[in-house]
Structure formats: structure tokens, C-alpha cells
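Contents: one structure, followed by commentary.
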Amino acid sequence: METEGKPIQCKAAVCRRAGEALKIEEVIVAPPRSKEVRIKIICTALCHSDIIVWKLEEAPGGYFPRIFGHEAIGIVESLGENVNEVKKGDVVIPTFIPDCRECKDCLSEKSNLCSKFPFSISPWMPRDGTSRLSNPEGEVLYHFINVSSFSEYAVVDIAHITKIDPSVPPNKACLLSCGVATGVGAACKTAKVEAGSTVAIFGIGAIGLAVAEGARLCGATRIIGVDLNPDKFEIGTFKFQSFLIGRSLESQISSTQVNVIISLVRS
């Protein structure tokens, strides 16, 4: 059935109160407006940022009912007016940090924080401050950081869309839209890791592993992983040359250094 230009009724995981379990409900996803695309979500991941805002009863949380989710990959189902960057059928990832491709900061190699659309945990679409989400009874549902991927379909502003190679496995590609980009960027763009350097990474979770990959791409010769959880040793074996893990910290470095590292990891 042709859906272009029409509302789509589909399923989504909807949160109706802070900290309350998400429920699968029927929702209506409106057609995209100017500079927007509607994508069919084919894979989405859970980020800790979703959990943090899910718990909040006040701003930047507090907007319910809401559809969370922002690490995802999808296929462009339809285009709004004035969209030339992608076409119907393209495989894309949504990104909660925008790239308008027009402002001074987006065009600069020194910044990636768009000044045309400053980041906010807004419940609305970025250009007109309205929602594309509702339930069949007409109740407005709120967006989450410009994506709302816990739905079978999502409307996303073109400034938050990046086209990718369709051969990348979806369950891995969806992580590029937040966690992997955050970690790799931290090493390559923020820390500017130099070839031949030694890098220590505190916390060997998804982002920590992505930092390790960024450091490797930059040419770091030694990458040290630091974590309090011994189980992380097996997870990070393929990324790190050295480990400082849990209780084993005490046998490798001084007690003063242990306390400093533990406080850093916990913070």
C-alpha cells in the first residue's frame, strides 16, 4: 500500500509517566513536512541517555506520553518538501546532534555543534515546534531528542539524518548514531590522540570501547583500559594492551593511584 503523503498507523513503545514501564501502543506517524524525512526503523538500540530522561519528572524530562529512542538505523520511506540530501529507499541513521550543513559551525572543522539548531532535549520537531506523533484518538505524543526510534516509523529533520552504506549490519550500524560516534569522536576530534601515544580509558562500556577504536585509528601504540568490573576484561581483550581492573588494581599501582582512578571511574 502506498503510504507517501499519508499518516501511518504503526506500533511504538510509549512511556506515559516518568520511570514507568513502556507499553506497546498503536500510534499515528504524520507525513514529513518541509526539510523532514519519514523513515522505517529497522533496528534501534537502548542508550543510557534514554534511561536518564525516562526517570525524570521535570525538565529536561517531564514530557509524557513520550516515545524514546535515538540510536537507530532506518530506510527512507518518504520525503517532505525541500529535501535533496537523501532519496526514498536510502539507508540512514538519525543523529540527535544536528548538522545543518549551512551555519558557520557546521561548515568548520573546529566545531560540530550546530548554531542554527542548538541541541536541546526538546519534545518537538526542531523547525516548527510541533509533533508528528499522536495516538489514534488524537492525543499528542512527544518526541525525544529529534529521533524517537522506539517506533516502527519516525519523522526526523534532515539536519539529523546521515546516509550510510547499506551493507553495514543494522545491529551494528545503529550504534553509529550515538555511542560509537561519541567514543570515536572523543579520541579523534576532542582528545586529538597522536600517533605513537599511550591512551588510558576510564570505563570499558560501549563508549569506552569506541574510544579505544578511535585511539587505534589515530595510531596510539598502547591503549590502557581502566574499570572496576572484572567482567569487562573479557569484553575488552581485543582492544586493550593493558588492563587495570577491579581488585587487581591494588597489585599493579599504588594505593593513592587506586583511589584516584576509582574516584574518576565512579564520577
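Magnitude of the Cβ-charge dipole of segment 130-233, K/R +1 and D/E -1, about the Cα centre, nearest 20 debye? Walk me through the numbers before you get to the answer.
Values: 8 positive and 9 negative charges, 100 e Å.
Magnitude of the dipole: close to 480 debye.
What order, most packed first, do the peptides 139-145, 161-167, 207-213 have when packing is the mean number of other Cβ atoms within 10 Å of each residue? Don't skip to the answer; put the middle values down first.
Details: 139-145: 20.4, 161-167: 13.3, 207-213: 23.1.
Packing order, densest peptide first, comes out as 207-213, 139-145, 161-167.
Seen against the Cα atoms of the chain and their longest principal axis, helix 206-217 is set at about 70 degrees. Projecting the Cα atoms of GLY129, ILE161, CYS188 onto the dipole axis of the chain, where Lys and Arg carry +1 and Asp and Glu carry -1 at the beta carbon, places CYS188 farthest toward the positive end.
Of the residues ARG16, ARG127, ARG216, the one that moves most in a GNM of the chain with alpha-carbon contacts below 10 Å is ARG127.
In segment 34-174, carbon and sulfur make up what percent of the accessible area (probe 1.4 Å)? Provide the component values of the computation, followed by the final result.
Values: 3600 of 6660 Å².
The value for segment 34-174 is 54 percent carbon and sulfur by accessible area.
Is it possible to state the helix-based mean residue ellipticity at 222 nm for the chain, with each DSSP H run of 4+ residues giving -39500 (n - 2.57), the sum divided by total residues, to the nearest 500 deg cm²/dmol? What is it? Present the calculation step by step, with values, prior to reporting the outcome.
Numbers: 8 runs with 56 residues, N = 267.
The helix contribution divided over the chain gives -5000 deg cm²/dmol.
If you take the charge dipole of the chain about its Cα centre, with +1 on Lys and Arg Cβ and -1 on Asp and Glu Cβ, which of GLY19, PRO98, GLY62 is farthest toward its positive end? Of the listed residues, the answer is PRO98. Springs between alpha-carbon atoms under 10 Å, Gaussian network over the chain: tell me which of GLU26, GLU57, GLU137 tops the mean-square fluctuations. Residue with maximal mean-square fluctuation among GLU26, GLU57, GLU137: GLU137.
Structure shown: which of LYS110/LYS232; LYS11/LYS88; LYS116/LYS163; LYS55/LYS116 lie over 26 Å apart, alpha-carbon to alpha-carbon? Write down the numbers at each step before the final one.
Values: LYS110/LYS232 34 Å; LYS11/LYS88 22 Å; LYS116/LYS163 21 Å; LYS55/LYS116 29 Å.
Distance filter (> 26 Å) returns LYS110/LYS232; LYS55/LYS116.
Quick one: among SER122, SER148, SER111, which has the greatest mean-square fluctuation in a GNM of the chain with alpha-carbon springs under 10 angstrom? Highest fluctuation among the options: SER111. Computed with a 1.4 Å probe over protein heavy atoms only, the accessible surface of the chain comes to 52 Å² per residue.
Output the antiparallel fraction of DSSP beta bridges having both residues in the chain, as a percent to the nearest 5. Before the final figure, lay out the partial values.
Numbers: 31 of 41 bridges.
Of those bridges, close to 75 percent are antiparallel.
Using only alpha-carbon positions, what ratio does the radius of gyration of segment 106-217 give when scaled by 2.2 N^0.38 Å? Walk me through the intermediate numbers first.
Values: Rg = 17.3 Å, N = 112, 2.2 N^0.38 = 13.2 Å.
Taking the Cα Rg and dividing by 2.2 N^0.38 Å, one obtains 1.31.
Does the chain come out rounded, prolate or oblate, given a ≥ b ≥ c as the square roots of the eigenvalues of its C-alpha gyration tensor, rounded meaning a/c under 1.5 and, failing that, prolate meaning a/b above b/c?
On the way: a/c = 2.28, a/b = 1.72, b/c = 1.32.
Prolate.
The values are calculated or read from the model by the stated rules, or taken from the named source; none is laboratory data. None of these values were measured; they are calculated from a predicted model. FYI the Cβ positions are ideal-geometry reconstructions off the backbone, even for glycines, and counts take in every protein chain you see. With ligands, DNA and RNA removed, areas are computed over all heavy atoms of the protein, side chains included. Shrake-Rupley method; radii C 1.70, N 1.55, O 1.52, S 1.80 Å.
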